[in-house]
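K.L.:
The structure follows.
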Amino acid sequence: MDDSVSSQFPLALVAGTGAVTLALATGLAIAIFKRGSSGSNQASVTVEAEEEVEVLDPEVYPGGHLTVYYGSQTGTAEQFANEIEREGESYGFKIQVVDLEDAGDDCVGQLLQDSKRDSLGKSRAIFLMATYGEGEPTDNAASFINLLRVKAGLPSLLVDQYTGTSTIHEDSEEKKGDELVGDMNDDDVDPTWMEGLEFAVFGLGNKQYEHYNAMGKFVNDALSKVGAKRIATMGMGDDDADLEADFESWKDSALWPSLKKRYISSEAAGKQKKLATPKLPDCPLVLEYLETNNGNAVKPDVIPLDEVHNSTKHYFTAVDCPVTLTRELRTPQDGGSTVHIEVDISKADKSKISYQTADNLGVLPVNDDSVVEAVANALGYDLNAVFRIQSAPGHDRQGALFPTPCTVRDCLARYCDLTSPPRRSELKLLALYAKDPLDQKALLRMASKEGKAEYKDKITGAQIGLVDIVSRLCKSIEAPLEHFITLAPRLQTRFYTISSSSSVHPNSIHATVSVLGNKRKDGSMFKGICSNHLAGIAKNGMVRVFCRESTFRLPSDVSI
């Protein structure tokens with residue numbers, strides 16, 4: 001801020017941990033610069049209700065501000081962003097995590113906000129970009145990606161297409177990414193759009209797909225074409241191999257060393273305060289328990305979708321529909337189980353669920369009662385208690401995670417992944433809640449780089465989930481419910497290709513489901529959560545579903 005402005009108006013000082021906030025008095029008229037579409041800076045006077053500039057304690061945060069933006073479809077990129085946030089203070093950086101959808105149309109205002117600039121006027125950002133489907137952006141990153149493509153003047157979202165390193169057939173199927181491209185006006189191209197931004201990118205992809213890490217590659221390339229400066233080598237993770245190990249390797253060997261070298265002098269590093277012994281993670285949630293044990297009498301709050309967390313909107317939009325038929329398709333001699341199910345959507349709001357042939361049926365799975373009760377018994381939760389989630393003091397609301405008020409039973413059954421193997425970073429978090437030093441040591445060992453082989457053998461290879469860890473293997477773990485909600489992954493939607501014709505069965509959705517089940521190393525049974533949930537629904541039992549449009553379509557002219 002210009003000294004001539006700041007000296008004319010009173011400042012309010014608000015102290016926080018390692019930081020001081022300077023807030024200009026409400027109604028202050030200040031001169032600010034707005035960047036137009038052409039990239040030119042024009043001075044204009046506007047009224048700001050409150051302009052906050054956070055001054056950080058250099059002994060706590062010698063590296064200054066760092067913002068982590070994520071594009072995520074299932075929550076993995078968001079989990080990685082939160083991991084960087086947890087590690088930030090130990091490396092000397094004040095981290096803020098931002099959903100790319102929240103950047104909105106004012107990307108410049110978000111990425112280059114004055115309150116996060118360093119003494120040289122630079123902003124720093126890390127982009128964690130997942131690729132969805134066949135080289136497409138995730139839903140929460142789509143607007144940002146298309147705006148970036150326009151400003152960079154790029155003809156495609158696929159770097160390989162415009163660099164000539166791969167051949168794309170003219171008759172290739174149209175994808176969501178292509179639909180985003182649209183017409184581009186040369187006047188919109190702006191090589192200085194992100195001037196002043198210094199960035200690094202990690203892409204999350206899968207080598208089984210043709211356009212491996214397309215969005216990570218695109219952001220890495222496009223940002224450099226709009227004036228931003230790359231400060232670390234791009235990292236790429238392969239979900240077909242070991243995505244978490246790829247991220248960990250990039251984070252530890254490329255990201256943090258580059259950031260420390262660039263932003264923290266040896267003198268500042270020597271003055272940095274050492275962190276105390278690890279304590280329980282700061283929890284962004286508080287729970288308000290209601291004075292009732294009758295969960296059926298309590299209706300969830302009505303929350304606008306723009307106030308819902310992007311990765312969990314399906315919890316709020318899916319509809320309950322009855323299953324009218326479940327039929328086994330295999331004979332006893334075949335072994336295994338595959339079922340045909342039919343879901344009645346005749347009474348559902350057509351604006352919320354309808355389908356075309358070959359669309360995908362999204363099913364919200366439910367944990368088995370025995371799994372839910374095992375977790376509740378181990379951690380001492382009252383399954384009948386009813387609560388509402390609120391943001392903890394000092395934490396900005398990041399969007400509603402799932403509908404509340406709800407019972408603890410519904411929370412564990414519908415919204416927490418209790419059976420999938422936890423990531424190593426999640427084991428490291430769990431260790432903080434273990435009271436027995438042996439439990440803590442075992443969890444930390446498997447969470448370490450040196451313990452990867454043991455982790456693969458005892459956790460992923462043995463198909464061990466959170467329920468097994470807290471109820472059988474590390475019984476000393478004690479975690480308040482709000483902490484458990486934070487550390488447990490959200491239960492993800494399972495998708496099944498719809499096998500019915502929308503013209504023949506407009507009010508009924510049919511799907512064919514392979515029921516997963518196998519013996520684990522310890523002799524117990526591992527059961528696929530969604531397939532067993534569907535197979536076990538009695539006639540007219542309810543299932544929570546929605547439909548997702550498919551890129552595959554039958555030809556409109558069947559005579560050809």
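The values are calculated or read from the model by the stated rules, or taken from the named source; none is laboratory data. Small disclaimer: the values here were computed from a predicted structure and weren't measured. Methodologically, a virtual Cβ is constructed for each residue, glycine included, from the backbone with ideal geometry; neighbour enumeration extends over all protein chains shown. Heavy atoms of the whole protein, side chains included, go into the accessibility calculation; ligands, DNA and RNA do not. Shrake-Rupley method; radii C 1.70, N 1.55, O 1.52, S 1.80 Å.
K.L.:
Evaluate the following for residue 281: is it farther than 15 Å from residue 87 by Cα, of a type outside the set (A, V, I, L, M, F, W, C) and part of a loop (DSSP other than H, G, I, E, B)?
P.N.:
So residue 281 does not fit the description; no.
K.L.:
Scan region 338-357 and tell me whether some residue there is more than 28 Å from residue 305 (Cα to Cα) and assigned to a loop (DSSP other than H, G, I, E, B).
P.N.:
no
K.L.:
Filter region 492-523 for residues that are part of a loop (DSSP other than H, G, I, E, B), open to solvent by less than 40 Å² (accessible area, probe 1.4 Å) and of a type outside the set (Val, Ile, Thr) and give the result.
P.N.:
500, 501, 502, 520 - these are the residues of region 492-523 that are part of a loop (DSSP other than H, G, I, E, B), open to solvent by less than 40 Å² (accessible area, probe 1.4 Å) and of a type outside the set (Val, Ile, Thr).
K.L.:
Going by what's in this entry, would residue 121 be described as under 29 Å from residue 190 (Cβ atoms) and not aliphatic (A, V, I, L, M)?
P.N.:
So residue 121 passes the test.
K.L.:
What tally of residues in region 232-256 results from selecting those that are under 21 Å from residue 86 (Cβ atoms) and either in contact with a strand residue (DSSP E or B) (Cβ under 6 Å, 6 or more places away or on another chain) or among the aliphatic types (A, V, I, L, M) (or both)?
P.N.:
10
K.L.:
To continue, here is another question. Which condition from (1) at pLDDT 80 or above; (2) of a type in the set (Ser, Thr, Tyr); (3) open to solvent by 40 Å² or more (accessible area, probe 1.4 Å); (4) farther than 26 Å from residue 492 by Cβ is the one that residue 61 breaks?
P.N.:
The one condition residue 61 does not meet is (3).
K.L.:
Taking residue 326 as meeting all but one of (1) β-branched (Val, Ile, Thr); (2) under 29 Å from residue 69 (Cα atoms); (3) not in a loop (DSSP other than H, G, I, E, B), write down the number of the exception.
P.N.:
In the conditions (1) β-branched (Val, Ile, Thr); (2) under 29 Å from residue 69 (Cα atoms); (3) not in a loop (DSSP other than H, G, I, E, B), residue 326 misses (2) alone.
Results for (1) among the acidic types (Asp, Glu); (2) free of Cβ contacts under 8 Å to residues at least 12 places away in the same chain; (3) over 28 Å from residue 245 (Cα atoms), shown as yes or no for each residue.
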site	(1), (2), (3)
465	no, no, no
477	no, no, no
495	no, no, no
503	no, no, yes
522	yes, no, no
534	no, no, yes
547	no, no, yes
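K.L.:
Also, quick follow-up: Within region 328-364, how many residues are more than 31 Å from the chain's Cα centre (by Cα) and at positive phi?
P.N.:
Looking only at that region, the number is 2.
K.L.:
Would you confirm whether any residue within region 249-256 is surrounded by 19 or more Cβ atoms within 10 Å (Cβ to Cβ), touching a Leu at 6+ places or on another chain (Cβ under 7 Å), outside any loop (DSSP other than H, G, I, E, B) and modelled with pLDDT of 95 or more?
P.N.:
no
K.L.:
If you don't mind, there's one more thing I want to ask. Report the residue count in region 226-238 for those that are among the β-branched types (Val, Ile, Thr) and open to solvent by 10 Å² or more (accessible area, probe 1.4 Å).
P.N.:
Residues flagged as among the β-branched types (Val, Ile, Thr) and open to solvent by 10 Å² or more (accessible area, probe 1.4 Å) within region 226-238 amount to 2.
K.L.:
Now for a separate question. Right, residue 322: within 29 Å of residue 516 (Cα to Cα), touching an Asp or Glu at 6+ places or on another chain (Cβ under 8 Å), at pLDDT 90 or above and not hydrophobic (A, V, I, L, M, F, W, C) or not?
P.N.:
Yes: the conditions hold for residue 322.
K.L.:
Oh, and also: If we only count helices (runs of 4 or more DSSP H) wholly inside region 70-153, which ones have 2 or more residues that are crowded, with 20+ Cβ neighbours inside 10 Å and among the aromatic types (Phe, Trp, Tyr)?
P.N.:
Filter on region 70-153 gives 76-91.
K.L.:
Could I ask something else about it? Pull up region 285-299, narrow it to residues that are modelled with pLDDT of 90 or more and surrounded by 10 or more Cβ atoms within 10 Å (Cβ to Cβ), then point me to the one that is farthest from residue 426 (Cα to Cα).
P.N.:
290
K.L.:
Quick one: would you say residue 368 is touching a Cys at 6+ places or on another chain (Cβ under 9 Å) and open to solvent by 40 Å² or more (accessible area, probe 1.4 Å)?
P.N.:
When the stated conditions are applied, residue 368 does not pass them.
K.L.:
When the residues of region 371-391 are narrowed to those that are open to solvent by 10 Å² or more (accessible area, probe 1.4 Å) and of a type in the set (Gly, Ala, Ser), which ends up nearest to residue 475 (Cα to Cα)?
P.N.:
378
K.L.:
Mind listing just one residue for me: the one in region 205-225 that is over 21 Å from the mean Cα position of the chain (by Cα) and among the small types (Gly, Ala, Ser) and, of those, least open to solvent (accessible area, probe 1.4 Å)?
P.N.:
222
K.L.:
So which residues in region 154-172 are assigned to a helix (DSSP H, G or I), modelled with pLDDT under 70 and not aromatic (Phe, Trp, Tyr), if there are any at all?
P.N.:
Within region 154-172, 160, 161, 163 qualify.
K.L.:
A follow-up question, please. What number goes with the only condition from (1) surrounded by 13 or more Cβ atoms within 10 Å (Cβ to Cβ); (2) of a type outside the set (D, E, K, R); (3) in a helix (DSSP H, G or I) that residue 303 does not pass?
P.N.:
For residue 303, the exception is condition (3).
K.L.:
With respect to residue 432, is the statement that it is open to solvent by 10 Å² or more (accessible area, probe 1.4 Å), hydrophobic (A, V, I, L, M, F, W, C) and on the phi < 0 side of the Ramachandran plot true?
P.N.:
Answer is yes for this residue.
K.L.:
Another one. Considering only region 475-489, I want to know if a residue exists there that is in contact with a helix residue (DSSP H, G or I) (Cβ under 8 Å, 6 or more places away or on another chain), closer than 30 Å to residue 346 by Cβ and crowded, with 20+ Cβ neighbours inside 10 Å.
P.N.:
No: zero hits.
K.L.:
Within the set of pairs 6+ apart or on separate chains, which have a first residue in region 436-460 that is open to solvent by 70 Å² or more (accessible area, probe 1.4 Å), a second that is not in a helix (DSSP H, G or I), and C-beta atoms under 7 Å apart?
P.N.:
Short answer, once both residue conditions are applied: 445/451; 458/464.
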